[in-house]
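Below is one structure, written out as structure tokens; comments come after it.
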Amino acid sequence: MIEFDGAEVALDPDRTGDEQVRILHPLDLVLAERRIAVIGPNGSGKSTLARLVNGLVLPTAGAVRVHDAAGSPLDTIDDGAQVRRRVGFVFTQPAAQLVMPTVLEDVALSLRREHRRRAERDAAALAVLERFGLAALADRSVHTLSGGQQQLLAIASVLAAGPGILVADEPTTLLDLRNARRIGELLLGLDQQLVVATHDLELAAQCDRALLVEGGRVIADGDPADVIARYRATV
Amino acid sequence: MPGSSPLHRLSPGVKLLALAVFAVGIVATQQALAPIPALVCGLAALALGLLAAVIAGLRGRRLLRVALGFAVVGVLVFAFQAWQHGPMRALTVTSGLFALVIAASAVTASTRAEEMVDAITRGLRPFRRFGVDPDRVGLAFSLAFRALPEAFRIAAESRDAARARGLSRNPRAYATPLVIRMVAHARATGAAMQARGLGDD
């Protein structure tokens with residue numbers, strides 16, 4: 001479960017009132033559904049909202065909390081490292097997210113905490129790659145992969161660390177239709193709670209709940225069909 | 001580079017240690033010996049480096065690419081040394097430097113990045129008491145390995161973009177987006193690492 005408790009993000013938090021430029025206005029939300037879509041135009045605050053969940057962006061006022069496996073709340077400011085272990089994050093541009101030179105090594109990097117011995121780590125990484133249909137590419141350089149393969153690998157590398165929540169920031173924006181569908185289906189089928197900021201309304205429609213963000217405010221929240229209809233009406 | 005050569009099978013720690021000894025040996029012989037024996041040692045080191053490269057599978061075009069990469073620096077070093085100390089000293093220093101570059105390339109060609117990072121992390125563990133964080137240093141090396149192909153990709157894209165706008169002879173049109181995109185990439189990588197919790201422990 002994810003809680004936004006009056007969480008806001010301002011560019012200049014020291015100023016007050018109208019002088020303050022807010023990227024995200026105070027937000028009170030409890031996200032308990034398994035698959036949540038965040039939609040809205042460019043620059044609306046979708047990515048900021050998504051980044052708040054993982055602690056990549058910290059609230060300048062209020063708090064964001066995610067619950068651990070036992071149900072205890074973790075504050076993104078006070079418990080940053082635990083929050084990052086609990087919440088995986090997938091970026092729009094996978095190339096920046098892949099840290100190691102080869103496919104196997106990148107997944108293995110996520111497993112360093114669990115497996116100190118390299119042989120065990122590689123075996124576990126290979127098992128992850130097999131799960132995602134990437135085992136044949138294990139020794140390939142990550143920068144020779146196609147965009148779809150890179151995004152799939154980025155997701156595999158994040159999920160290898162075993163997060164309970166996955167946040168994806170426009171994960172299908174740079175992909176062709178086939179790869180966008182493939183990644184979308186993969187994300188929707190995960191056991192993890194999913195928060196996906198997206199322009200892909202087909203993907204958003206298949207979620208359990210949707211939030212429409214505009215001008216740094218959530219202006220619609222509820223059933224994806226209704227929220228998408230509202231979004232279309234504002235365009 | 002994947003392979004099963006004796007160099008591939010050797011532990012990365014041993015290879016790094018051998019490379020360090022090789023480097024110290026080259027510098028020491030150049031400092032301690034008379035010009036002709038020093039030159040003989042420099043050329044012998046070069047032959048040894050080339051042998052290691054061939055064993056590691058670094059042949060043909062790959063080896064040529066390493067040599068061309070060194071050529072710019074090599075010519076400058078040779079010219080400076082020849083001007084300061086004469087051609088024999090210049091040949092000694094340049095051959096020693098080239099031997100080191102070739103040997104280092106043989107080590108990287110025969111070692112997976114992850115093995116290298118593990119060896120560096122293991123090797124630095126005794127320095128933990130002095131405040132060194134081996135995992136962080138290992139991670140920094142991983143990023144350096146990964147950054148190279150990315151830098152080449154960004155450079156090629158920036159060059160193509162400049163060409164497409166008819167600005168191929170304008171260094172600013174190439175350098176400005178290259179620098180900005182490299183910085184942006186570094187920031188994005190930092191955010192990605194933070195998101196993956198790398199460096200948290």
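For region B:25-124, list the helices (runs of 4 or more DSSP H) that sit wholly inside it and hold at least 1 residues that are within 17 Å of residue B:10 (Cβ to Cβ) and within 14 Å of chain A (Cβ to nearest Cβ); which are they?
On the way: elements: B:35-55, B:60-85, B:87-109, B:113-124.
Qualifying helices (runs of 4 or more DSSP H): B:87-109, B:113-124.
Select from region A:98-108 the residues that are under 19 Å from the mean Cα position of the chain (by Cα) and facing chain B (nearest Cβ under 8 Å) and write down the one among them that is nearest to residue A:148 (Cα to Cα). First the steps, then the outcome.
Let us first name the residues in region A:98-108 that are under 19 Å from the mean Cα position of the chain (by Cα), namely A:98-99, A:106-107.
Still in the list and also facing chain B (nearest Cβ under 8 Å): A:98-99.
Numbers: A:98: 13, A:99: 17 Å.
Result: A:98.
Could you grab me the full set of residues in region A:161-180 that are among the aliphatic types (A, V, I, L, M) and out of contact with any Asp or Glu (no Cβ under 9 Å at 6 or more places or on another chain)? Please lay out each step first, then the result.
Within region A:161-180, the subset among the aliphatic types (A, V, I, L, M) is A:161, A:165-168, A:174-175, A:177, A:180.
Scanning region A:161-180 gives A:165, A:166, A:167, A:168, A:174, A:175, A:177.
Here's the yes/no breakdown for (1) at positive phi; (2) under 19 Å from the mean Cα position of the chain (by Cα); (3) buried (at least 19 other Cβ atoms within 10 Å of the Cβ):
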| position | (1), (2), (3) |
| --- | --- |
| B:5 | no, no, no |
| B:8 | no, yes, no |
| B:12 | no, yes, yes |
| B:32 | no, no, no |
| B:39 | no, no, yes |
| B:45 | no, yes, yes |
| B:58 | no, yes, yes |
| B:74 | no, yes, no |
| B:96 | no, yes, yes |
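Just checking: which of the helices (runs of 4 or more DSSP H) contained wholly in region A:1-118 hold 1 or more residues that are within 18 Å of residue A:215 (Cα to Cα)?
Working: elements: A:46-54, A:80-86, A:94-97, A:103-110.
In region A:1-118, A:46-54 are the helices (runs of 4 or more DSSP H) which contain 1 or more residues that are within 18 Å of residue A:215 (Cα to Cα).
Check whether at least one residue in region A:63-70 is acidic (Asp, Glu), at negative phi, out of contact with any Leu (no Cβ under 9 Å at 6 or more places or on another chain) and more than 13 Å from every other protein chain (Cβ to nearest Cβ), and report yes or no. Give the steps one after another, and end with the answer.
Narrowing region A:63-70 to residues acidic (Asp, Glu): A:68.
This time we only want the ones that are at negative phi, so: A:68.
This time we only want the ones that are out of contact with any Leu (no Cβ under 9 Å at 6 or more places or on another chain), so: none.
So far as region A:63-70 goes, no, none of its residues is acidic (Asp, Glu), at negative phi, out of contact with any Leu (no Cβ under 9 Å at 6 or more places or on another chain) and more than 13 Å from every other protein chain (Cβ to nearest Cβ).
If you go through region B:159-169 one residue at a time, do you hit one that is under 25 Å from the mean Cα position of the chain (by Cα) and without any contact (Cβ under 8 Å) to a residue 60 or more places away in the chain? Walk me through how you get there before you give the answer.
Pass one, region B:159-169, residues under 25 Å from the mean Cα position of the chain (by Cα): B:159.
Next, from what is left, pick out any that are without any contact (Cβ under 8 Å) to a residue 60 or more places away in the chain: B:159.
The answer is yes, given that some residue of region B:159-169 is under 25 Å from the mean Cα position of the chain (by Cα) and without any contact (Cβ under 8 Å) to a residue 60 or more places away in the chain.
Listed residues B:34, B:47; which is touching a helix residue (DSSP H, G or I) at 6+ places or on another chain (Cβ under 9 Å) and without any contact (Cβ under 8 Å) to a residue 60 or more places away in the chain? Break it down stepwise before answering.
Working: B:34 fails: touching a helix residue (DSSP H, G or I) at 6+ places or on another chain (Cβ under 9 Å).
Sole residue among the options that is touching a helix residue (DSSP H, G or I) at 6+ places or on another chain (Cβ under 9 Å) and without any contact (Cβ under 8 Å) to a residue 60 or more places away in the chain: B:47.
Can you tell me which residue in region B:170-201 is farthest from residue A:101 (Cα to Cα), limited to those that are surrounded by fewer than 16 Cβ atoms within 10 Å (Cβ to Cβ) and in contact (Cβ under 8 Å) with a residue 40 or more places away in the chain?
Ranking the qualifying residues of region B:170-201, first place goes to B:201.
Taking only pairs six or more apart or across chains, which ones have beta-carbon atoms under 8 Å, a first residue in region A:145-169 that is in a helix (DSSP H, G or I), and a second residue that is among the acidic types (Asp, Glu)?
Within 8 Å, the pairs are A:147/A:176; A:148/A:176; A:153/A:106; A:157/A:106.
Restricting the search to region A:126-163, which residues are away from chain B (no Cβ under 13 Å) and touching a Gly at 6+ places or on another chain (Cβ under 8 Å)?
Within region A:126-163, just A:152 meets the criteria.
Do you know which of the residues in region B:158-169 that are loosely packed, with under 13 Cβ neighbours inside 10 Å and in a helix (DSSP H, G or I) is modelled with the lowest pLDDT?
My answer is B:164.
List the strands (runs of 3 or more DSSP E) that sit entirely inside region A:175-228 and contain at least 3 residues that are surrounded by fewer than 21 Cβ atoms within 10 Å (Cβ to Cβ). Even if it seems obvious, please write down each step before you answer.
Values: elements: A:193-197, A:209-214, A:217-222.
It comes to A:217-222.
The values are calculated or read from the model by the stated rules, or taken from the named source; none is laboratory data. Here the structure is a predicted model, which means the values were calculated and not measured. Quick reminder, even Gly has a Cβ in these numbers, built from the backbone with ideal geometry, and neighbours come from all protein chains shown.
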